[in-house]
Amino acid sequence: MKFILVFLLTGFVSFGLTGAESIKSKENSKIESLLANQVNAWNEGDLEKFMETYLKSDKLVFVGSRGPTYGWQATLDNYRKGYPDKKAMGKLYFKIFEISKIDRKTFFVIARFELQREIGDLEGHFTLVIQKTGKNYFIISDHSSSSN
């Protein structure tokens with residue numbers, strides 16, 4: 001009996017460690033499209049359009065150098081303060097390292113950003129948690145850190 005119990009527990013633990021779902025090509029494309037929409041909106045100087053990729057909720061969290069910001073509106077307000085015009089926004093580029101699936105509707109992204117600006121370039125890395133809601137995908141958590 002002890003042998004069976006140990007065998008079952010070992011099986012559950014092993015399954016839990018490898019239980020992450022594999023990402024489908026269509027899901028990967030949707031997430032890459034979401035990130036491309038972010039880059040395009042940023043490079044157009046349109047913060048409101050950029051923010052359409054984030055879940056419009058008080059549960060949204062953005063973590064940057066000043067710590068966490070909670071809520072969609074607070075995140076937009078912070079972007080407006082930090083990037084008041086197109087010159088401050090510059091030209092944005094992403095390099096995606098990994099898109100993985102946490103569960104059926106939740107995804108994890110690791111990437112690099114480069115911001116080329118006349119007032120000084122910025123670069124760094126970010127991680128995103130993206131959730132599928134209906135047919136749409138939204139960022140629910142963003143942790144960005146600059147190397148500069």
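The values are calculated or read from the model by the stated rules, or taken from the named source; none is laboratory data. Remember, it's a predicted structure, so these values are computed and weren't measured experimentally. Neighbour counts run over all protein chains shown; Cβ positions are idealised from the backbone, glycine included.
Residue check: is PHE50 modelled with pLDDT of 95 or more, surrounded by 12 or more Cβ atoms within 10 Å (Cβ to Cβ) and under 23 Å from ALA111 (Cα atoms)?
Criteria met by PHE50.
Need a quick list: strands (runs of 3 or more DSSP E) entirely within segment 55-111 having at least 1 residues that are of a type outside the set (Val, Ile, Thr) and closer than 15 Å to ILE130 by Cα.
61-64, 91-103
Which numbered condition trips up GLU27, out of (1) assigned to a helix (DSSP H, G or I); (2) charged (D, E, K, R); (3) surrounded by fewer than 17 Cβ atoms within 10 Å (Cβ to Cβ)?
The one condition GLU27 does not meet is (3).
Just one of the numbered conditions (1) assigned to a strand (DSSP E or B); (2) farther than 21 Å from TYR70 by Cβ is not true of SER145; which one?
All conditions pass for SER145, except number (2).
For (1) among the aliphatic types (A, V, I, L, M); (2) surrounded by fewer than 15 Cβ atoms within 10 Å (Cβ to Cβ); (3) touching a residue at least 12 places away in the same chain (Cβ under 8 Å), each residue gets a yes or a no:
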site: PHE107; (1), (2), (3): no, no, yes
site: ILE110; (1), (2), (3): yes, yes, yes
site: PHE113; (1), (2), (3): no, no, yes
site: PHE126; (1), (2), (3): no, no, yes
site: VAL129; (1), (2), (3): yes, no, yes
site: GLY134; (1), (2), (3): no, yes, no
site: PHE138; (1), (2), (3): no, no, yes
site: ASP142; (1), (2), (3): no, no, yes
site: SER147; (1), (2), (3): no, yes, yes
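Whether any residue in segment 83-92 is among the aromatic types (Phe, Trp, Tyr), in contact (Cβ under 8 Å) with a residue 12 or more places away in the chain and surrounded by 14 or more Cβ atoms within 10 Å (Cβ to Cβ) is what I want to check.
So far as segment 83-92 goes, yes, one or more of its residues are among the aromatic types (Phe, Trp, Tyr), in contact (Cβ under 8 Å) with a residue 12 or more places away in the chain and surrounded by 14 or more Cβ atoms within 10 Å (Cβ to Cβ).
Might you let me know whether segment 57-75 holds any residue that is basic (Lys, Arg), closer than 30 Å to ASN148 by Cα, surrounded by 14 or more Cβ atoms within 10 Å (Cβ to Cβ) and at pLDDT 95 or above?
no
Mind checking whether some residue in segment 31-47 is surrounded by 18 or more Cβ atoms within 10 Å (Cβ to Cβ), modelled with pLDDT of 95 or more and in contact with a Ser or Thr (Cβ under 6 Å, 6 or more places away or on another chain)?
yes
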